[in-house]
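Some notes on the structure that comes next.
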Amino acid sequence: MSRFFTITLIFLAFSCISCENGNYVPPKEISDADEISDSDEVSDDDSDPGTELIYDLKVDENKENVLSCRLTFSTTEQRKTFVKYYSGTHKGYKISEKTAKNEHYFFLWGMRENLDYTIEIYSDEEEPELLATAEFHSGFAPDYLPAMYLTEHVAEKTSEGFVLFQYAATTFEHIFPVAVMIDTDGYIVWYYEYDPWYASSFGDVTWDPEKQTILIALTKDSSAADSLAEEAIEIDLEGNIVWEAPGIMSYYYGPGSWNHAYYMMKDGSVTFPRVLYDGCVLTDRIVNLDAGTYDELWSWDYRDYFEKPDCSTNQSGNVWLDWTHTNSVSMFKEDGIVYVNSRNFSTFFKIDMSTGAIIWRLGKDGDFTFIGNSENPWFELAHEPEINGVNGNKVIFFDNGTMERGFSRIVEYSIDETNMTAEMIFEFDGRDLGKGWWSEYWGDADRMPNDNIFVTAGFYDMQQTSRFFEVTHEGEVVWELFMEKTDDWQISLYKADKFVPPLEFIK
């Protein structure tokens, strides 16, 4: 992989000396003895801090993610500064410091591959002063990452942000434990690789806007069943592990392990559906655990409220019956409420955490009366419901649908807990636009700040092509990106997080 840096020395008198590596740091007398070495680290260590506004300027490549770098410098006076970085084809970003200081550190990320970026350092004042410039050449993301094809992009209607997701694939040799971010132009701008032998792939990847970290749940290989190995890690944007779950001797979907969804709560605890094998029945308990010890803080068990089915005469040929299949949990500990989605029940539950009692059930056999004339009023086998609205009175579903129905869709309900009614206020299946799909298992739908809905339609079959798309409330697809597909395999997508990164986009 080719990586290099290019720096230019520019002096206040507008005289210029060109060399392969250098930087711009005004003002200083230059002699023929001053040289800058050709290396991956750029610095101005010979500068005299008594005569420089900035000294010890360094740009270091982040080897964990070569689409980023670390910028450090010192100032003779305490200064609050900001940095802009951009290329000839990428408008780039601005990052600002919150306080004045002498020693400055910036992590510059979100770059696209193989571009020359100009880095400008300014004093953060009413009339900013350009203090120094440097340059950085971004590298290449891992070459095994597949191609992506942007087919729709109405910029003025698309929500701004990055899409964070993990790769899956229809063939084992194309599955890697890697998380990726792309921007709205379809370019890779961040990635993270994890290579312990027991991590066959990533299962759940979520962005925490408050901590600016990423939680990654690991789909541990079955060979880890007899080894103490973590089920999840939390990383910062630089790729440093800031937390890891205690090691357990199990594997993904194994006894006592997690399945489908793994969450870090605001109080530092973790929540997920825990796999439970009970005779020939496969079910799950919703657990909230201490993040350090994995001690159980709270749990909820379907068997306390529903009669476990008898599968002793199971004719399906399976050795166990997948009964509940929880695929989403939304826990609001401060309100004492947890929402649980059971795919196989086609039911969305609201639960009182203090008693475990089911407050209500939303779905075909639930507690709400449907208002409207829809041919298909209720979701079936749905994924990833998202709570929105005032006091959670709106819920969006990725409605997978049954084989008999034959298509998937996005639906949103407005629920009235006083009158116990539910009204469908949004529905999109794309069929009228030639963009229809049917996803038997996976999917995700999230409300964006501009009121669009961002959709993950990923498949584990070869009849369709996995894609992301963004649809407006009027049913217009304003952004769409397809994943690579060949005659033999394709990329599959379970879900994704679209978020506004802690960067100011340069317009």
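The values are calculated or read from the model by the stated rules, or taken from the named source; none is laboratory data. Given the structure is predicted, the values throughout are model-derived calculations rather than measurements. Here the Cβ is made from the backbone with ideal geometry for all residues, glycine too, and neighbour counts use every protein chain on show. Note: accessible area is taken over every heavy atom of the protein model, side chains too, but ligands, DNA and RNA are not part of it. Shrake-Rupley method; radii C 1.70, N 1.55, O 1.52, S 1.80 Å.
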Pairing a residue in region 371-385 that is over 16 Å from T456 (Cβ atoms) with any residue that is open to solvent by 40 Å² or more (accessible area, probe 1.4 Å) and of a type in the set (F, W, Y), where Cβ atoms lie under 8 Å and the two sit 6 or more apart in sequence or on different chains, gives P377/F370; W378/F370
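What do you reckon, is L228 open to solvent by 30 Å² or more (accessible area, probe 1.4 Å) and aliphatic (A, V, I, L, M)? Give the derivation first.
Working: open to solvent by 30 Å² or more (accessible area, probe 1.4 Å): yes; aliphatic (A, V, I, L, M): yes.
So L228 passes the test.
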Over region 238-261, the set of residues open to solvent by less than 40 Å² (accessible area, probe 1.4 Å) and either farther than 30 Å from C69 by Cα or of a type in the set (A, V, I, L, M) (or both) is A245, P246, G247, I248, S250, G254, G256, S257, W258, N259, H260, A261
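Considering region 430-477 alone, what residues qualify as being of a type in the set (S, T, N, Q), under 21 Å from G406 (Cα atoms) and surrounded by fewer than 19 Cβ atoms within 10 Å (Cβ to Cβ)? Explain how you work it out, then say what you get.
At the first step, the residues of region 430-477 found to be of a type in the set (S, T, N, Q) are 439, 450, 452, 456, 463-466, 472.
Then keep just the ones that are under 21 Å from G406 (Cα atoms); that gives 439, 456, 463-466.
Once the filter is applied, which keeps residues that are of a type in the set (S, T, N, Q), under 21 Å from G406 (Cα atoms) and surrounded by fewer than 19 Cβ atoms within 10 Å (Cβ to Cβ), region 430-477 yields Q463, Q464, T465.
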Taking region 362-382 and the residues there that are surrounded by fewer than 18 Cβ atoms within 10 Å (Cβ to Cβ) and small (G, A, S), the one that is farthest from the chain's Cα centre (by Cα) would be G372
Within region 209-231, the residues that are in a loop (DSSP other than H, G, I, E, B) and either of a type outside the set (S, T, Y) or without any contact (Cβ under 8 Å) to a residue 12 or more places away in the chain (or both) are P209, E210, K211, Q212, D221, A225, D226, L228, E230, E231
Apart from one, (1) buried (at least 20 other Cβ atoms within 10 Å of the Cβ); (2) assigned to a loop (DSSP other than H, G, I, E, B) all hold for W190; the odd one out is (2)
Filter pass, T206 being β-branched (V, I, T) and assigned to a strand (DSSP E or B)
yes
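If you take the residues of region 138-170 that are outside any loop (DSSP other than H, G, I, E, B) and open to solvent by less than 40 Å² (accessible area, probe 1.4 Å), which of them is farthest from L218 (Cα to Cα)?
Initial filter on region 138-170 (outside any loop (DSSP other than H, G, I, E, B)): 148-153, 155-157, 162-166, 168-169.
Add one more test, that the residue is open to solvent by less than 40 Å² (accessible area, probe 1.4 Å), and what stays is 148, 162-166, 168-169.
Numbers: M148: 24, F162: 22, V163: 19, L164: 16, F165: 13, Q166: 11, A168: 12, A169: 16 Å.
That would be M148.
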Per the list (1) outside any strand (DSSP E or B); (2) modelled with pLDDT of 95 or more; (3) of a type outside the set (A, V, I, L, M), residue check on E234 breaks on (1)
Of all strands (runs of 3 or more DSSP E) fully inside region 50-134, the set with 2 or more residues that are under 22 Å from K507 (Cβ atoms) is 81-87, 93-96, 101-108, 116-123
Of (1) over 29 Å from the mean Cα position of the chain (by Cα); (2) at pLDDT below 95; (3) open to solvent by less than 60 Å² (accessible area, probe 1.4 Å), S316 fails just (3)
In the set E504, E480, the lone residue that is open to solvent by 50 Å² or more (accessible area, probe 1.4 Å) and not small (G, A, S) is E504
Output for Cβ contacts, cut-off 7 Å, separation at least six or different chains, first residue more than 20 Å from T213 (Cβ to Cβ) in region 240-252, second open to solvent by less than 40 Å² (accessible area, probe 1.4 Å) and acidic (D, E), reads G247/E230; I248/E231
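Would you check if there is a residue in region 92-100 being closer than 10 Å to S138 by Cβ and open to solvent by less than 10 Å² (accessible area, probe 1.4 Å)?
Of region 92-100, the ones closer than 10 Å to S138 by Cβ are none.
Within region 92-100 (the criterion being closer than 10 Å to S138 by Cβ and open to solvent by less than 10 Å² (accessible area, probe 1.4 Å)), the answer is no, since none of the residues qualifies.
Are any residues in region 319-333 at pLDDT 95 or above and either open to solvent by 80 Å² or more (accessible area, probe 1.4 Å) or in a strand (DSSP E or B) (or both), and if so, which ones?
Going through region 319-333, the residues at pLDDT 95 or above turn out to be 323-333.
Matches in region 319-333: T326, N327, S328, V329, S330, M331, F332.
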